[in-house]
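Have a look at the structure below before the remarks.
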2 protein chains.
Amino acid sequence: MPAVTYELIKQCPVTGARAGKLHTPHGTFDTPMFMPVGTQGTVKTLSPEELKKMGAGVILGNTYHLFLRPGHDIVKKAGGLHRFMNWDGGILTDSGGFQVFSLGDLRKISEEGVSFRSHLDGSKQFLSPEKAMEIQMDLGADVAMAFDECTPYPADYEYACASMRLTSRWARRCQAAHDRPDQALFGIVQGGMYKDLRRESAETLVEMDFPGYAIGGLSVGEPKPMMYDLLEHTTPFLPKDKARYLMGVGTPDCLVEGVARGVDMFDCVFPTRVARNGTGLTSRGRIVIRNASYAEDFGPLDPECDCYTCQNYSRAYLRHLIRCDEIFGLRLMSLHNLHYLIGLMRRIRASIIEDRFAQFQQNFWLDFAE
Amino acid sequence: MPAVTYELIKQCPVTGARAGKLHTPHGTFDTPMFMPVGTQGTVKTLSPEELKKMGAGVILGNTYHLFLRPGHDIVKKAGGLHRFMNWDGGILTDSGGFQVFSLGDLRKISEEGVSFRSHLDGSKQFLSPEKAMEIQMDLGADVAMAFDECTPYPADYEYACASMRLTSRWARRCQAAHDRPDQALFGIVQGGMYKDLRRESAETLVEMDFPGYAIGGLSVGEPKPMMYDLLEHTTPFLPKDKARYLMGVGTPDCLVEGVARGVDMFDCVFPTRVARNGTGLTSRGRIVIRNASYAEDFGPLDPECDCYTCQNYSRAYLRHLIRCDEIFGLRLMSLHNLHYLIGLMRRIRASIIEDRFAQFQQNFWLDFAE
């Protein structure tokens, strides 16, 4: 029995949407789920208690960042990432692949792995499938991710194919190196924007029998309809009894459309990053709180929201804090945005359970304002 | 009956220390007290609930900053500063005098008031005793402060004398302009580093019969023994049945020595400012958490502390957060430092009540490490 299992509860009869449960060593969590990102061992600005209260189940940690600082050895000595950061819910660590590939000219890929220079001090570093496993086993998350190459967009067929096959060979090395029974290792489907490559990637990984599958290399600059189309042609090749995780995707519209295509898990820095710039995600669309129109608006950020921010503070106060670069403003905006997305996932799930997701999806688009 | 009154509970038989209660429209609070500073309508990084939990009673707001941003008219429309910032405890607003005088070349003093340029946009502004009262009445704190000139250090006798007398004339104009029965107006004793001027200032203000008195213009660069000496020669000229507030002072040693000389209230940005630089105030002295020696230190910041930070996080984690400029690190350090100072005041008060303050003071200095 793997450390992490997926239980399918309900399948939408119209779309690919599904409601389920993710069982992990740190609890069982409802899917579809949005996972807040805690890159450096903290979900920016927020406490674990605040995350718990808004219903966050699994949060992300980042192999690349924690490897460089404070170092996985220190996190291990602290008793693992859960204990280090005081979070007793689920944790998923990404493999560092995406961050390393984001370094551009600072990295060099070979069959063995990737050599790169630290964005912090320029020091020479090396990550390989085996090293990514060593780090993630030390961090001790509930879910570790295979080390992959995130194929850039655009990429020609040849590059996307070679890159995807490298990711598959690395996935096999990850599986061989991974040796922690209380941690699940998920494979990552790549293949660029080519449906047949996505299918080959999915089928290859499924044959390796991972306890869960991520879809990587999407939301990297391609138009949204292209992403939706690729998702539609990828999830059918993944087993129904395993969790599916769409990496780096977290705008409300993409969450709804991802779920419609059979995705169970999402993560993205989007809600917390825009929060710190003063953008609120609300039931009535995005609100740029710096706008002068909110200077004397003493109503809540989102009138339909029951979060701490909306229950206790006005748009005028939030605007004041954000204009003054006050940290409490960043907290209040981040808290609201994550609360909003987690609430959206809860409503999506309820609609699947109650056999009305297709209607939910339709209504969402009627109301949606970017 | 003034809006704010002081009740003397116990007088130390050896020193000038006293324990009392400050009754305000927003509750009754124990003295001696340390007031966290919320310059721009927020105590940096912290929520009102976190401040409540650590036992903060009265917090500070800043006339100069709130006048410039968001504007006192907006705070008034929001229902006052308490409601604007969601704080139902006590608030004291300083008069803006200190900030305006800190502007240096950007301001010009006359009998009428001070013209200055905003540090935000360079716009021309003017503050006078009457304007400072108008702003503070709009902000609606429990305690407003008279508009004063904070005499610089060093200042020759002539300058300090003229400056102190200007502050006294302004205090009279503040009193005449102040017209809010649910708000107390405190006078501010000035006089530079000259004992006879401090006495003249105190006697002049006492004759005007304010409901409380601040001692301003100390901790502005003079040696600490000089400050202690001046305090010792000022508080005896203040009435026993009114609160005494030493402005801008908040290091542990100065709190103990201020209390010993009859001070009831203190405020300072010190604990929150050094927290954001990664310095922790602890029962064993200051801890610079960035130091490499804490990299693998999995014990709490202060082993004797029962705050949220010390109960849940290690020095290694705090060091990691501060090195990464993570906001949660600023929160945890700020929370601890304020908790520590407020706890120190609680222990000081208990020692006065139990007739052992002189011993407490002696022990404090035996343990004290800057």
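A few notes on this one:
- Members of the stretch A:222-237 found to be open to solvent by 10 Å² or more (accessible area, probe 1.4 Å), touching a residue at least 40 places away in the same chain (Cβ under 8 Å) and assigned to a loop (DSSP other than H, G, I, E, B), listed by number: A:GLU222
- Hey, B:ARG83 closer than 27 Å to A:ILE322 by Cα, open to solvent by less than 50 Å² (accessible area, probe 1.4 Å) and basic (Lys, Arg) or not: no
- Restricted to the stretch A:291-313, and to residues there that are among the polar types (S, T, N, Q) and surrounded by fewer than 17 Cβ atoms within 10 Å (Cβ to Cβ), the residue that is farthest from A:THR45 (Cα to Cα) is A:SER293.
- Condition check for B:SER201: in a helix (DSSP H, G or I), more than 19 Å from B:THR5 (Cβ to Cβ) and either touching a residue at least 40 places away in the same chain (Cβ under 8 Å) or not charged (D, E, K, R) (or both): yes
- Considered as a group, the residues in the stretch B:314-370 that are among the polar types (S, T, N, Q) and without any contact (Cβ under 8 Å) to a residue 12 or more places away in the chain include one that is most open to solvent (accessible area, probe 1.4 Å), and that residue is B:GLN362.
- The residue of the stretch B:90-105 that is nearest to B:LEU120 (Cα to Cα), among those that are assigned to a loop (DSSP other than H, G, I, E, B) and under 17 Å from the mean Cα position of the chain (by Cα), is B:GLY96.
- Exactly one residue out of B:ASP209, B:ASP229, B:ASP253 is charged (D, E, K, R) and more than 24 Å from B:MET345 (Cβ to Cβ): that is B:ASP209.
Residues checked against (1) away from chain B (no Cβ under 14 Å); (2) open to solvent by 10 Å² or more (accessible area, probe 1.4 Å); (3) among the hydroxyl-bearing types (Ser, Thr, Tyr); (4) closer than 26 Å to B:SER334 by Cβ:
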| site | (1), (2), (3), (4) |
| --- | --- |
| A:PRO36 | no, no, no, yes |
| A:GLN40 | no, yes, no, yes |
| A:GLU49 | no, yes, no, yes |
| A:LYS52 | no, yes, no, yes |
| A:ILE59 | no, no, no, yes |
| A:HIS65 | no, yes, no, yes |
| A:LYS77 | no, yes, no, no |
| A:LYS131 | yes, yes, no, no |
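- All of A:THR15, A:THR28 fail the test of being open to solvent by 40 Å² or more (accessible area, probe 1.4 Å), among the hydroxyl-bearing types (Ser, Thr, Tyr) and over 28 Å from A:ARG169 (Cα atoms), apart from A:THR28.
- Within the span defined as the stretch B:273-283, one or more residues are more than 21 Å from the chain's Cα centre (by Cα) and either at negative phi or outside any helix (DSSP H, G or I) (or both).
- Qualifying residue in the stretch A:258-273 (condition: within 30 Å of A:ASP302 (Cβ to Cβ), surrounded by fewer than 19 Cβ atoms within 10 Å (Cβ to Cβ), among the charged types (D, E, K, R) and out of contact with any Gly (no Cβ under 8 Å at 6 or more places or on another chain)): yes
The values are calculated or read from the model by the stated rules, or taken from the named source; none is laboratory data. Values in this document were obtained by computation on a predicted structure and should not be read as measured data. Cβ atoms come from the backbone with ideal geometry, glycine included; neighbour counts cover every protein chain shown. These accessible areas exclude ligands, DNA and RNA; they are computed on the full protein's heavy atoms, side chains included. Shrake-Rupley method; radii C 1.70, N 1.55, O 1.52, S 1.80 Å.
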